[in-house]
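Novice: Below are the structure tokens for one structure; questions will follow.
Bear in mind these aren't lab numbers, they're just calculated from the coordinates by the rules spelled out. What you see is a predicted model, and the numbers here were worked out from it, not measured in a lab. Cβ placement follows ideal geometry from the backbone for every residue including glycine, while neighbour counts extend to all protein chains displayed.
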């Protein structure tokens, strides 16, 4: 589970962590959709791409303390996004950041 401890909201209940080269390389490629309650955490990671994907995602870039340093909402297919100072990225269904009121500066916690 991934919680926004600043806002007291649940960001995702089903979380996968991609912390090896091969898991990060695969990411969400080959998937048709990201379930509404799911998240993929890529670490280490300070940039993502949606090349080859068919749907938009939200991306939260986090620093080493799990503080949100950048939010990219509704990143469409075949796009790139990066954040200076980020050490991990959280890929979420499009609209999740707004729905959970997640903002830059918020702290997240992985359970």
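Novice: Does residue 23 satisfy the criteria of being outside any strand (DSSP E or B) and within 18 Å of residue 96 (Cα to Cα)? Break it down into steps so the answer makes sense when it comes.
Specialist: Values: outside any strand (DSSP E or B): yes; within 18 Å of residue 96 (Cα to Cα): no.
Answer is no for this residue.
Novice: Also: State whether the residues of the range 7-20 include one that is touching a helix residue (DSSP H, G or I) at 6+ places or on another chain (Cβ under 6 Å), outside any loop (DSSP other than H, G, I, E, B) and crowded, with 16+ Cβ neighbours inside 10 Å. Quick ask: steps written out before the conclusion?
Specialist: Keep residues of the range 7-20 that are touching a helix residue (DSSP H, G or I) at 6+ places or on another chain (Cβ under 6 Å), which gives 18.
Now narrow it down to the ones that are outside any loop (DSSP other than H, G, I, E, B): 18.
Retained after the next criterion (residues that are crowded, with 16+ Cβ neighbours inside 10 Å): 18.
Yes, the range 7-20 contains at least one residue that is touching a helix residue (DSSP H, G or I) at 6+ places or on another chain (Cβ under 6 Å), outside any loop (DSSP other than H, G, I, E, B) and crowded, with 16+ Cβ neighbours inside 10 Å.
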